[in-house]
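Undergrad: Once you've had a glance at the structure underneath, I'll fire off some questions.
The values are calculated or read from the model by the stated rules, or taken from the named source; none is laboratory data. Source: prediction; values computed, not measured. Here the Cβ is made from the backbone with ideal geometry for all residues, glycine too, and neighbour counts use every protein chain on show.
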Amino acid sequence: MLLSSKQGVQSDACVKRSFYDRGVGYDWLPEALAALVGVEPHEAAQVLAARRRLPLAAVSGGVRFIAIMGRTQAGRPLVVAVRKVGEFNQQIIGAREMTPAELKRFEAWEVVR
């Protein structure tokens, strides 16, 4: 399952592995990194490292994953999808801008956080 967007900018494919919050490792699914459109890998990293992020359990195509809603350091609202691949590792399977409905939900969550 790739989380995609319909915008047309290809991202730099050099970001493959990163560590964010408390030593959790994140690897990019190579196909997800290659298909990344309109979002830079460092922006996804910023969302994963953000103090305020909203994780939501999801399933698509039989794949269970966590959709993490958050903001980049510049304030851009994104959804980053990750799936667990080990005890302390997760794989990034996509990143995109929030839809208007997602943004509304996220902003309501931000108010009470």
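Undergrad: Quick check on segment 61-72. Is at least one of its residues basic (Lys, Arg) and either modelled with pLDDT of 95 or more or in a strand (DSSP E or B) (or both)?
TA: yes
Undergrad: Moving to a separate point now. Does segment 36-45 contain at least one residue that is more than 13 Å from the chain's Cα centre (by Cα), at negative phi and touching a residue at least 12 places away in the same chain (Cβ under 8 Å)?
TA: Looking for residues that are more than 13 Å from the chain's Cα centre (by Cα), at negative phi and touching a residue at least 12 places away in the same chain (Cβ under 8 Å), one finds none in segment 36-45, hence no.
Undergrad: Which one is modelled with the lowest pLDDT among residues in segment 20-60 that are part of a strand (DSSP E or B) and over 19 Å from Thr99 (Cβ atoms)? Lay out the reasoning, then the answer.
TA: If we filter segment 20-60 for residues that are part of a strand (DSSP E or B), which is where we start, we get 25-28, 37, 53-60.
Now narrow it down to the ones that are over 19 Å from Thr99 (Cβ atoms): 25-28.
Details: Gly25: 81, Tyr26: 89, Asp27: 90, Trp28: 94.
Among them, the one singled out is Gly25.
Undergrad: Consider Gly75 against the criteria (1) modelled with pLDDT under 95; (2) on the phi > 0 side of the Ramachandran plot; (3) not charged (D, E, K, R): it satisfies all of them except one. Which criterion is unmet?
TA: The one condition Gly75 does not meet is (1).
Undergrad: Can you work out which of the residues in segment 57-79 that are touching a helix residue (DSSP H, G or I) at 6+ places or on another chain (Cβ under 9 Å) and hydrophobic (A, V, I, L, M, F, W, C) is farthest from Leu29 (Cα to Cα)?
TA: Among them, the one singled out is Ala74.
Undergrad: For segment 91-102, enumerate the residues that are farther than 11 Å from Ile68 by Cα, surrounded by 15 or more Cβ atoms within 10 Å (Cβ to Cβ) and hydrophobic (A, V, I, L, M, F, W, C).
TA: Ile93, the sole residue that qualifies.
Undergrad: Here's a follow-up. How many of the residues making up segment 54-84 are loosely packed, with under 12 Cβ neighbours inside 10 Å and within 17 Å of Arg113 (Cβ to Cβ)?
TA: 1
Undergrad: Additional query: Give segment 78-90 a look and list any residue that's at pLDDT 95 or above and either under 22 Å from Ala108 (Cβ atoms) or polar (S, T, N, Q) (or both), or say none.
TA: Leu78, Val79, Val80, Ala81
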